[in-house]
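A short worksheet on the structure shown next.
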Amino acid sequence: MPDFDVIVIGTGIGGLVAGAMLARYGKTVVVCESHTVAGGAAHGFHRQGFHFDTGPSFYCGLSGRQSLNPLRQVLEVLGESLETVPYEPLGHYHFPNFTLPVYSDSERYRQAVAQITPQGARELERFEKRLLTLYDALKDIPTLALRADWQMLPALLRYWPALLKLLPQIGVIQGSAGQIMDRDVTDAQVRQLIDLECFLLSGLKAHGTIAPEVAFMFGERNRWGVEYPVGGSTAIVDALVRGLERWGGRLRLKTHVEQILVESGRAVGVRLRSGEVIHAPIVISNATIWDTYTHLLKLEDLPASYRRDALETPAVESFMHLHLGIRGEGLEALTGHHVVVHDSNLDIATPGNTCMISIPSVWDSQLAPAGHHLVHAYTLEPYAGWQRDSGYQERKQLKAQPLFQAVERVIPDLRQRITLEMSGTPVTHAKYLRRYQGTYGPAIAAGKGMFPGLHTPIAGLYRVGDSTMPGIGVPAVAASGILCANTLVNPEQTGKLLGL
């Protein structure tokens, strides 16, 4: 007899959403996490009174009841909510020769751009209008209604007026944001700005980022504004865990899954590092596609050609991270989000050139000791060449310098303020997040291939997370969990959940 209906491997957002949703549907669910804390790339950690996020820090649509954010939709059906702090501007983009305040309100955003390039602002307006038209067509189809099987079509037909609005947008849906940019934008500074917006969203520039992903981002932040969850990303993870347990699901921390058990082409459970075996007819892996197919399955469990093709999926580079605790006196005007591009003549995707900075204690003072702020800065960094050898610490210090220099654009006397300093490398990512080469997901450019999706050749084995569908951020991985959960129940159950 199976021990559970469903086993979920990993507590990233995708795994927690899938597990909590299936528990909400009445399934018996256990979620196994190797780490001592839940959250995957969204977990937080404490040091000397500072509470750091390890990953996401930019959110919109977490509290608006009509928001399209898949995470908000999930929390609502789980009976959970988040306390959030709205803020504006959403951030500042620092280029070598100018700094641009970026607003969620599209009119204020264009006004800021017009101070630098009036012609570019007019072109940006045309670009945004095309994307907002697409967003308007998409917004009437809730992610919570979607599936990843043939029954998706009848589910979508419930929203036929929205489908009619989508028909004129079919070409745009299948294209990249770069194709829209090429049609509407010639100004070099605005093209660089759009590339940067897309890069921050997907890890790829405009021509590599699908248009619906960018439309969702522009539409949601313009409609609902941006906000930060009190308690950081840990608050999101905690809410999902509460939802899982509220509906009868079980979370097991320090529970390392060694192997997915397959019999006659069907998943039947997992074996833990401790030797314990847990049986279930459904296994959902929140590990990356590379880790799932390399570490969790035997070689013979997958067709050789399928395994080879899957493992050749290109991966987004890993990151260098810098976590700082600093004295906060004199920083009353500090804002929370910054992006620094060191050299406009270099590709923004060049490691060390584009640095992202989050100072969440600006919005939630409880994240740092009184009179202090915490800083999280990160930049792309390839995994190749990194190993914990005699030169590791020296290389780590060298690679962290672009991050220090970026934060100094915002806080010039940064180094005199530091009370706590930590840095992480791709090796850190690979070790603590158990992710292939420390990556955040596939680097599949728009029009250059399909994402691997939720299904596998093994009956009863499914995947969720950032290596299943476009977008390496929270909305995309939450959506993957929704699609997986809905696919494993009948459409009537989903309709009942939606009140249809």
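The values are calculated or read from the model by the stated rules, or taken from the named source; none is laboratory data. As the structure is a computational prediction, the values presented were derived from the model and not from experiment. Reconstructed Cβ throughout: ideal geometry from the backbone, glycine too, with neighbour counts over all protein chains shown.
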Test for S104: is it over 17 Å from the mean Cα position of the chain (by Cα), part of a loop (DSSP other than H, G, I, E, B) and buried (at least 21 other Cβ atoms within 10 Å of the Cβ): yes
Scan region 348-387 for residues that are in contact (Cβ under 8 Å) with a residue 60 or more places away in the chain and either among the charged types (D, E, K, R) or assigned to a loop (DSSP other than H, G, I, E, B) (or both) and jot them down. I348, A349, W363, D364, A368, P369, E381, P382, Y383
Filter region 54-81 down to the residues that are in a loop (DSSP other than H, G, I, E, B), over 30 Å from M320 (Cα atoms) and either under 16 Å from the mean Cα position of the chain (by Cα) or not polar (S, T, N, Q) (or both) and list them by number. G64, R65, L68, G79, E80
Qualifying residue in region 434-452 (condition: touching a residue at least 40 places away in the same chain (Cβ under 8 Å), aliphatic (A, V, I, L, M), touching a Gly at 6+ places or on another chain (Cβ under 8 Å) and part of a strand (DSSP E or B)): no
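Can you name the strands (runs of 3 or more DSSP E) wholly within region 261-345 that have at least 2 residues being closer than 30 Å to D413 by Cβ? Show your work before the answer.
Values: elements: 266-272, 277-279, 282-285, 318-327, 337-341.
By residue number, 318-327, 337-341.
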Cβ-Cβ under 6 Å pairs, at least 6 apart or on other chains, region 89-100 side at pLDDT below 95 and part of a loop (DSSP other than H, G, I, E, B), far side surrounded by fewer than 18 Cβ atoms within 10 Å (Cβ to Cβ) and not acidic (D, E): P89/P101; P96/S344
Give the number of residues within region 248-302 that are surrounded by 15 or more Cβ atoms within 10 Å (Cβ to Cβ), touching a helix residue (DSSP H, G or I) at 6+ places or on another chain (Cβ under 7 Å) and over 23 Å from T468 (Cβ atoms). 0
Mind listing just one residue for me: the one in region 401-433 that is among the small types (G, A, S) and part of a helix (DSSP H, G or I) and, of those, surrounded by the most Cβ atoms within 10 Å (Cβ to Cβ)? A406
Going through R223, R242 one at a time, which residue ends up being over 20 Å from M469 (Cβ atoms), modelled with pLDDT of 90 or more and part of a helix (DSSP H, G or I)? R242
For region 303-316, which residues satisfy the criterion of being closer than 16 Å to R435 by Cα and either surrounded by fewer than 13 Cβ atoms within 10 Å (Cβ to Cβ) or of a type in the set (D, E) (or both)? E312, P314
One residue from I359, I411 being aliphatic (A, V, I, L, M) and within 20 Å of the chain's Cα centre (by Cα): I359
State the number of residues belonging to region 19-51 that are out of contact with any Phe, Trp or Tyr (no Cβ under 8 Å at 6 or more places or on another chain), surrounded by 22 or more Cβ atoms within 10 Å (Cβ to Cβ) and farther than 22 Å from L322 by Cα. 6
Suppose we filter E76, E88, E83 for residues that are touching a strand residue (DSSP E or B) at 6+ places or on another chain (Cβ under 8 Å) and closer than 30 Å to G248 by Cα; which single one remains? E83
For the structure I just gave you, tell me whether G61 is crowded, with 20+ Cβ neighbours inside 10 Å and at positive phi. yes
Count of region 340-357 residues which are over 20 Å from G441 (Cα atoms) and buried (at least 23 other Cβ atoms within 10 Å of the Cβ): 2
Name the residues in region 107-135 that are part of a loop (DSSP other than H, G, I, E, B), of a type in the set (S, T, N, Q) and closer than 15 Å to V185 by Cβ, would you? T117
